[in-house]
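Enquirer: Structure provided below as structure tokens; questions to follow.
The values are calculated or read from the model by the stated rules, or taken from the named source; none is laboratory data. Everything numeric in this text was worked out from a predicted model, so none of it was measured. Cβ placement follows ideal geometry from the backbone for every residue including glycine, while neighbour counts extend to all protein chains displayed. Note: areas computed on protein heavy atoms with side chains; ligands, DNA, RNA excluded. Shrake-Rupley method; radii C 1.70, N 1.55, O 1.52, S 1.80 Å.
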Amino acid sequence: MTETILVTGGTGTLGRAVVERLVDAGHDVRVLSRRPPGADEVRRHASVTGDLSTAAGVGDAVAGVTVIIHCATTNGRGDVEAAQNLIAAAQRGGQPHLIYISIVGVDEVPLRYYRAKLEVEELVAGSGLPWTVLRATQFHDLVTRVFAAQHFTPLVVVPAGISVQPIDVREVADRLTGLAGEPAAGRVPDIGGPQVRALTDLARAFLRANGRWPILMPLPLAGKVARAYRRGGHLTPERAVGTITYEQFLDENVTPGGRVGARARKRGKG
Ligand SMILES: NC(=O)c1ccc[n+]([C@@H]2O[C@H](COP(=O)([O-])OP(=O)(O)OC[C@H]3O[C@@H](n4cnc5c(N)ncnc54)[C@H](OP(=O)(O)O)[C@@H]3O)[C@@H](O)[C@H]2O)c1
């Protein structure tokens, strides 16, 4: 059945992959963004300009939609207020199915951002709207951003003793697209990447993909957040349902010489 679907964060790393799949599945898709689309931008979806932190334009964005996939994030600063504004507009605009993407371990790792994500999960569950919450592990893109940020230093500093279970955003987008076509399901099983890997191991893979000698400096971190990460509060090995490994992601997205991202593939690997 064709749904009219609003994707918040549809211009972001995950959101772009979600929009592409929803359009391919034949849904009417609407993307909310703070920036109006470029005049020359070729789009296969409708765009609404608005800001979740002020609620400007959000009423128009949710008007008449049957499903909302809430991918937008301010990386903690305003996620709770943004969700409150979105939910208030959705409650006024019919009873759309609200789907929220969260992070594995938000109730285990005492990070300020995770506390905000958990609070939003509770707002969604208490909204009175039909709702679904999916928690995913860290994206390959995020892990790569951490390493790429140190691209010009002779050695790469990596938190010691911490593992991650990175997943490809395309697989998370596939799952969200599936959920958009199903009835509301509450909290659904987590989605995790195929492998639990030491950050040092992933850093070596990143440097090798860049054609660089993997000189690492493992740094032991103190504090309760680091302890929770070392305990694996953000991992879900029993839900290792992703199939695309970090090396496959690197192969598609990183070229020797350090170009990262899809463009790298076009330019670097033809
Ligand atoms: N990154 C990870 O490893 C990871 C893992 C699990 C779950 N998640 C969750 O997945 C979701 C997407 O993450 P991502 O990495 O794809 O994010 P991202 O690339 O940083 O994109 C953030 C998006 O949020 C939108 N946004 C930010 N503030 C807004 C506001 N005030 N009003 C309207 N839109 C706003 C931005 O749109 P404009 O700039 O166009 O306005 C942008 O599209 C987040 O909820 C995140 O918590 C992330």
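Enquirer: Compute the distance in nm between two label points, each set 7 Å from the Cα along the Cα-to-Cβ direction, one at residue 113 and one at residue 4.
Expert: Calculated label separation equals 3.4 nm.
Enquirer: Right, next: How would you order 164-176, 41-53, 125-137 from highest to lowest mean count of nearby Cβ atoms within 10 Å?
Expert: Working: 164-176: 22.7, 41-53: 15.2, 125-137: 18.9.
Descending packing order for the listed peptides: 164-176, 125-137, 41-53.
Enquirer: Kindly identify the range 63-168 as rounded, prolate or oblate by the Cα gyration tensor criterion: order the square roots of the eigenvalues as a ≥ b ≥ c, call it rounded if a/c is under 1.5, otherwise compare a/b with b/c, prolate if a/b is larger, else oblate.
Expert: Since a/c reaches 1.5 and a/b is larger than b/c, the shape of the range 63-168 is classed as prolate.
Enquirer: Explain nothing, just the number: relative contact order of the chain, from Cα pairs under 8 Å at least 6 residues apart, as a whole percent. All intermediate terms of the calculation are to be shown ahead of the outcome.
Expert: Values: 541 pairs, mean separation 45.8, N = 270.
Relative contact order, the chain: 17 percent.
Enquirer: Between residue 24 and residue 151, what's the calculated FRET efficiency when r is the beta-carbon distance and R0 is 41 Å? Round to 0.05.
Expert: Given R0 = 41 Å and the Cβ-Cβ separation, E is 0.75.
Enquirer: Kindly provide the chymotrypsin sites (Phe, Trp or Tyr not before Pro) of the range 140-231 that DSSP labels as loop, not H, G, I, E or B, and whose Cβ sees at most 15 other Cβ atoms within 10 Å.
Expert: 152
Enquirer: Can I ask one more? Can you give the helix-only mean residue ellipticity at 222 nm for the chain, where every DSSP H stretch with n ≥ 4 adds -39500 (n - 2.57) and the sum goes over all residues, rounded to the nearest 500 deg cm²/dmol?
Expert: -11000 deg cm²/dmol
Enquirer: Ignoring ligands, DNA and RNA, what accessible area per residue does the range 1-134 give at 1.4 Å, in Å²?
Expert: 45 Å²
Enquirer: Quick one: if you take sqrt(5λ) for each eigenvalue of the C-alpha gyration tensor of the range 27-73, what semi-axes come out, biggest first, whole angstrom?
Expert: 17, 15, 9
Enquirer: Shifting gears a bit: Rounded, prolate or oblate: which fits the range 130-179, taking a ≥ b ≥ c as square roots of the Cα gyration tensor eigenvalues, rounded meaning a/c under 1.5, else prolate when a/b beats b/c?
Expert: prolate
Enquirer: Carbon and sulfur: what percent of the chain's accessible surface (1.4 Å probe)?
Expert: 54 percent
Enquirer: In whole Å and largest first, what semi-axes does the C-alpha gyration tensor of the range 4-267 yield when each eigenvalue is scaled by 5 and square-rooted?
Expert: Square roots of five times the eigenvalues give 32, 22, 16 Å.
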